[in-house]
Each structure stands twice: as structure tokens, then as C-alpha cells.
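Structure record follows, encoded as C-alpha cells.
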Amino acid sequence: PLIIFYASEVAAAVGKNPYVKPVDFFLQIWERCFKQDFDKCKCLAKYETSKEKVERLAKETKIDKDLKEKVSKSNTVEENTEYIKAIEKKLAHKEMKQEDRIELRNYVQKQFNTSFGIKHEQSAIDKIAGATKPKETFTLLFDNYKIVGKIDASISKTDTGKKRIAEIKHRVKKFLDNEYDVIQCECYLRLTDTDECDWVEVLKESLGEKKK
């Protein structure tokens with residue numbers, strides 16, 4: 001079968017995403033594309049992926065159900081902060097290795113941030129003139145693999161008359177300028193055969209401030 005990469009993973013594939021361990025990335029691809037082989041080898045090696053580890057820790061510390069419920073309920077920055085503090089308060093009384101505690105805290109934060117961005121994606125799109133959310137998935141096919149992805153927004157009206165798309169990122173405290181995000185934008189340009197990509201960042205505090 002063809003190896004499938006998502007556009008958001010390409011930076012990790014070339015070692016440009018500092019937040020994704022190379023071993024975790026390749027295990028993820030292995031599991032996705034060769035599931036039966038992966039499960040057999042993982043069973044023999046008794047290996048636990050990073051994702052499996054934090055999910056196990058969440059169950060062992062009994063925050064998994066509470067986390068899922070609070071992530072689902074949270075809609076504002078204030079609620080995010082309140083819920084995260086409540087979960088961390090629970091974790092403070094649990095005995096565990098310091099590195100496990102850090103990984104679990106990062107996992108909790110990521111769940112809230114990811115959910116928040118998805119919930120408020122449309123509000124950011126609405127602030128961009130002529131922008132709409134495409135439903136289709138785009139594919140770039142090569143000999144032994146393919147790259148697939150969905151873009152955040154397509155812009156119908158542009159000053160230059162060229163086709164344009166937008167990639168939207170929600171930030172917690174400040175704007176960022178990451179190489180791996182630029183790589184993701186480059187992938188979307190090639191996937192959609194588009195001329196330009198607007199890079200839009202939205203601060204969680206404002207839900208309105210943006211930059212290109």
C-alpha cells in the first residue's frame with residue numbers, strides 16, 4: 001500500500017518539528033499504513049508509544065473521564081484556564097515520576113488547545129473577507145506515497161486576482177514564527193495548486209487579532 005502522510009506531518013517527516021519525536025512519527029506512520037505488521041511487532045517488543053503512555057497515565061491518575069468532559073464543555077479562555085488548574089490540582093496529589101508528570105501536563109494542555117482551535121476556527125474564517133471552508137480533501141500523489149490534507153479556508157476574492165488559501169493557527173499567549181508551520185503552508189499550496197497562502201494567527205485572549 002501507499003504510505004500516507006498528512007500535510008501537517010511533513011515537517012516532522014523531515015525533522016523540522018521540534019515537538020514531535022522522530023521515533024513517534026515513524027511509529028505512527030507504520031501503524032497507519034501497515035497496521036497488522038505493526039501490532040505484531042509491538043506485541044513482541046512490548047513497546048508503548050508516547051500517546052499510549054500519556055493515555056495510560058491519564059487513566060491511572062483517574063483524570064481521563066474528567067479531562068474528556070471538561071475539554072468538551074470549555075468554550076472560553078477563562079474556562080480553559082479554570083479547568084486546567086482544576087486538573088493540575090488533582091495531579092499534584094498523585095505520586096509519579098517527574099518526567100511522567102510533565103508529559104501528562106503537556107498532554108492535558110494540548111487537549112484543551114486543540115479543542116479550542118477547532119471550536120473557534122469558523123469565527124476566525126468569518127473575519128477574512130471572501131473566505132470559506134472547503135469540504136474536500138486534497139491529495140498529492142507520488143510513486144510510493146501520497147500527501148493528503150484539508151485547508152482551513154479558500155479565499156474567493158483577492159486584490160491580485162490570484163487564487164489564495166489561508167492557514168489559521170490559534171495561539172495561547174503570543175504570535176509565533178515557526179519553520180514547521182511554513183512547511184505546512186507550502187504543502188497546502190502544492191496540494192491545492194494555489195498561488196498564495198495567507199498565514200493567519202489568532203490569539204486566544206482576543207479571538208480577533210491576526211497577522212499574515
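The values are calculated or read from the model by the stated rules, or taken from the named source; none is laboratory data. Note that the coordinates shown come from a computational prediction; the quantities given were computed from them, not determined experimentally. Virtual Cβ from ideal backbone geometry, glycine too; neighbours counted across all protein chains shown. Side chains included, ligands, DNA and RNA excluded: accessible areas come from the protein's heavy atoms. Shrake-Rupley method; radii C 1.70, N 1.55, O 1.52, S 1.80 Å.
Leaving out ligands, DNA and RNA, and with a 1.4 Å probe, what % of the accessible surface on the chain is carbon or sulfur? Solvent-exposed carbon and sulfur of the chain make up 52 percent of the total.
Find out how many positive minus negative residues lie around His170, taking Lys and Arg as positive, Asp and Glu as negative, among other residues whose Cβ is under 9 Å from that of His170.
Working: positive: Lys169, Arg171, Lys204; negative: Glu121, Glu201.
My count for the surroundings of His170 gives +1.
What is the sum of charges, Lys and Arg at +1 and Asp and Glu at -1, for the other residues whose Cβ falls under 14 Å from the Cβ of Cys187?
Values: positive: Lys16, Lys146, Lys150, Arg190; negative: Glu9, Asp152, Glu167, Glu179, Asp181, Glu186, Asp193.
Charge balance near Cys187 sits at -3.
Under the combined filter of DSSP loop state and at most 12 neighbouring Cβ atoms within 10 Å, the stretch 46-98 retains these GluC sites (Glu not before Pro): Glu48, Glu95.
Averaged per residue, the stretch 1-65 has 69 square angstrom of accessible surface, using a 1.4 angstrom probe with ligands and nucleic acids left out. Once the Cα-Cα distance is subtracted from the 0.36 nm per residue extended length, the Tyr47 to Ser123 segment shows a gain of 23.2 nm.
Calculated accessible area for the stretch 88-212 comes out at 62 Å² per residue, all protein chains present (probe 1.4 Å; ligands, DNA, RNA ignored). The charge dipole of the stretch 19-128, taken about its Cα centre with unit charges on the Cβ atoms of Lys, Arg (+1), Asp and Glu (-1) only, comes to about 220 debye. Each Lys and Arg contributes +1 and each Asp and Glu -1, all at the Cβ; summed about the Cα centre of the stretch 99-208, the dipole is approximately 440 debye.
Adding -39500 (n - 2.57) for every DSSP H run of four residues or longer, then dividing by how many residues the chain holds, sets the calculated 222 nm ellipticity at -15000 deg cm²/dmol.
Over every Cα atom in the chain, the radius of gyration and the widest Cα-Cα span, Dmax, amount to 19.3, 60 Å. Looking at the stretch 97-151, the trypsin sites (Lys or Arg not before Pro) that sit in a DSSP loop and have at most 10 other Cβ atoms within 10 Å of their own Cβ are Lys97, Lys135.
Can you tell me, using C-alpha contacts under 8 Å and at least 6 residues apart, the relative contact order of the chain as a whole percent?
Details: 255 pairs, mean separation 45.1, N = 212.
Averaging sequence separation for qualifying contacts and normalising by length gives 21 percent for the chain.
Each Lys or Arg adds one and each Asp or Glu subtracts one; over the other residues with Cβ under 10 Å from the Cβ of Ile151, this totals -1.
Rounding to the nearest 20 debye, state how big the charge dipole of the chain is about its Cα centre with +1 on each Lys and Arg Cβ and -1 on each Asp and Glu Cβ.
Numbers: 43 positive and 38 negative charges, 108 e Å.
Using Cβ point charges on Lys, Arg, Asp and Glu, the chain gives about 520 debye.
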